[in-house]
Amino acid sequence: DIQMTQSPASLSASLGETVTIECLASEDIYDILAWYQQKPGKSPQLLIYDASSLHTGVPSRFSGSGSGTQYSLKINSLQPEDFASYYCQNGLSAPLTFGSGTKLEIK
Amino acid sequence: QVQLKESGPGLVQPSQTLSLTCTVSGFSLTSYSVHWVRQHSGKSLEWMGRMWSDGDTSYNSAFTSRLSISRDTSKSQVFLKMNSLQTEDTGTYYCARRGNGSLFDYWGQGVMVTVSS
């Protein structure tokens, strides 16, 4: 199984700041990677797919990058609605494993 | 409008079988795969298995032979059955659609399942 190591586990930031979340795959996943946002009591929402493609309706302050085994999610100019949990996901091969999550909190 | 909705019992006794239904609308089960994902409270997401558009299935080996996924295309429903439930199976169960060229682009609202006597 492909392991997804996500960091940091938690992150504290202020409105307007820029933050980056990292995801390391245990093997090359050829950019078949997604990022999701989840708010308490809600289902996850797709932000980024294929490592860097922005899903329809997602604000352009979200961006994804990376290749091979190393990927990152960057959020520019944090807005109040961005404080949530974020997960990466391997989409290359089953089981379609998720990272352990990053909880983004307001400083 | 694409929608997925999970339904099923909120409480299951240990050693019993969990049966969940994912009812979809706005797309055809013969065109997209539907996946089941579990989340323990406050924890990460765990992929359980999927129903391919052609009717084939694949499962996370972590669930060994406990898990079965099936469908009824005439009713636009995908079913999850998992037996020998334990308290560790308590959590929220989601169904999600894998979009073309993307990953899980639509999710259900989730159904919370508690395993307890």
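If R0 is taken as 35 Å, the Cβ-Cβ distance between B:SER84 and B:THR23 corresponds to a FRET efficiency of 0.85.
Computed in the context of the full set of protein chains, the accessible area of segment A:15-107 at 1.4 Å probe radius has 47% of its extent on carbon or sulfur. Build a GNM of chain A with springs between Cα atoms under 10 Å apart, and of A:GLU17, A:GLU81, A:GLU27 the one that fluctuates most is A:GLU81. With 20 Å² as the minimum drop in accessible area between chain alone and full protein complex (1.4 Å probe), the qualifying residues in segment A:15-52 are A:TYR36, A:GLN38, A:SER43, A:PRO44, A:LEU46, A:TYR49. Solvent-accessible surface (1.4 Å probe) assigned to A:ILE106 amounts to roughly 100 Å². Restricting attention to chain A, close to 90% of DSSP beta bridges with both partner residues there are antiparallel.
Our estimate of slack between A:ALA13 and A:VAL58, defined as 0.36 nm per intervening residue step minus the Cα-Cα distance, is 14.2 nm.
Mean projected area of the Cα convex hull of the protein assembly as shown, taken over all directions, amounts to 11.8 nm².
For the chain pair B and A, the interface hides roughly 1600 square angstrom of accessible area in total, found with a 1.4 Å probe. The contact residues of segment A:75-101, meaning those that lose at least 20 Å² of 1.4 Å-probe accessible area when all protein chains sit together rather than their chain alone, are A:TYR87, A:GLN89, A:GLY91, A:ALA94, A:PRO95, A:LEU96, A:PHE98. Of the peptides A:3-16, B:23-36, the ranking by mean beta-carbon count within 10 Å, highest at the top, reads B:23-36, A:3-16. In segment B:61-107, the residues that give up 50 Å² or more of accessible area when the other protein chains are added, compared with the chain on its own (1.4 Å probe), are B:LEU103, B:PHE104, B:TRP107. Computed over protein heavy atoms with a 1.4 Å probe, the accessible surface of segment A:1-72 works out to 49 Å² per residue. Separation of segment A:1-62 from segment B:2-53 is 22 Å, based on Cα centroids. Backbone amide hydrogens, once placed in the peptide plane, bring B:GLN16 within less than 5 Å of B:LEU85, excluding anything fewer than 5 places away on its chain.
Could you please state how large a percent of the accessible area of segment B:35-117 is carbon and sulfur, counting protein chains only and using a 1.4 Å probe? Of the solvent-accessible surface of segment B:35-117, carbon and sulfur hold 43 percent. Excluding ligands, DNA and RNA, the accessible surface per residue across chain B is 46 Å² with a 1.4 Å probe. Taking each of A:LYS74/B:LYS5; A:LYS103/B:LYS75; A:LYS74/B:LYS43; A:LYS39/B:LYS5 in turn, the alpha-carbon distance tops 28 angstrom for A:LYS74/B:LYS5; A:LYS103/B:LYS75. Using the average count of surrounding beta-carbon atoms within 10 Å as a protection proxy, the listed peptides A:65-76, A:83-94 rank, highest first, as A:83-94, A:65-76.
The values are calculated or read from the model by the stated rules, or taken from the named source; none is laboratory data. Computed from a predicted structure; not experimentally measured. Positions of Cβ are backbone-derived with ideal geometry, glycine not excepted, and every protein chain shown enters the neighbour counts. What goes into the accessible areas is simple: the full protein's heavy atoms, side chains included, and nothing from ligands, DNA or RNA. Shrake-Rupley method; radii C 1.70, N 1.55, O 1.52, S 1.80 Å.
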